[in-house]
Amino acid sequence: MTGRVHLYDIDNIDTDRIIPGKYTKTLDVSTFADHCLEDLDSDFKHKVQQGDVLVGGWNFGCGSSREQAPIALKVSGISVVIARSFSRIFYRNAINIGLPILEIPDHTIADGASLEIDLESGKVYDGNTEYSASPLPQVMIDILNEGGLVPYLKKHKTYTF
């Protein structure tokens, strides 16, 4: 996948900064795009395009265990999140809802850069610079390829809905 970078290399961006809790009291998740990252960058909703990449700092997605945070990024058009590290619950929630995430602790990715990302290998290409993220386990790649955990379980009949 390829995408243009929105860089927020700030540590401890919590789930309330990703999507303020007051906007999560709905089943219409498409409305999350209007408020995604609004407290961090009020212009984000106007800048983001389908397929873009969000790059964050250390402990990205800390705070509550709400799945609405990765959902908000996904419905906003973000195709993958790269961060120096993720909170563990955000990491699992992102995979569960079908939002790819990669950890790259040491990088110099700039805002507006165009990245090429190979999820299977964990390689991220920023022009002539190659970064190696921790590769995702195959089962997580499979879950992402199915669009999230629920579609994966339905397809593989490992759980009855």
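No lab work stands behind these numbers, since they all come straight from the coordinates. All values derive from a computational prediction rather than experimental measurement. For neighbour counting, all protein chains shown are included, and Cβ atoms are generated from backbone atoms with ideal geometry for every residue, glycine included.
What to note about this one:
- Estimated from helical segments only, the mean residue ellipticity of the chain at 222 nm is -7000 deg cm²/dmol, where each DSSP H run of four or more residues counts as -39500 (n - 2.57).
- Packing-based exposure ordering (other Cβ within 10 Å, fewest first) of V55, V75: V75, V55
- Antiparallel %, DSSP beta bridges [both residues in the chain], to 5: 45 percent
- Measuring nothing but how far apart in sequence close Cα pairs (under 8 Å, 6+ apart) lie, relative to its length, the chain scores a relative contact order of 23 percent.
- Positive-end ranking of L136, H6, G51 along the dipole of the chain, with charges on Cβ about the Cα centre, is headed by L136.
- Packing-based order for 33-39, 79-85, 148-154, using average beta carbon neighbours within 10 Å, highest first: 79-85, 33-39, 148-154
- Summing +1 for each Lys or Arg and -1 for each Asp or Glu among the other residues whose beta-carbon sits under 15 angstrom from that of K157 gives 0.
- Ranked by how many other Cβ atoms sit within 10 Å of their own Cβ, fewest first, the residues E146, E116 fall in the order E116, E146.
- Highest-MSF residue in the chain out of L54, L27, L115 [GNM, Cα springs under 10 Å]: L27
- Computed about its Cα centre, the charge dipole of the range 2-135 is approximately 440 debye, with only Lys, Arg, Asp and Glu carrying charge at their Cβ.
- Net charge, E67 excluded, C-beta distance under 13 Å - Lys, Arg +1, Asp, Glu -1: +3
- Distance from the range 68-82 to the range 113-153 (C-alpha centre basis), Å: 14 Å
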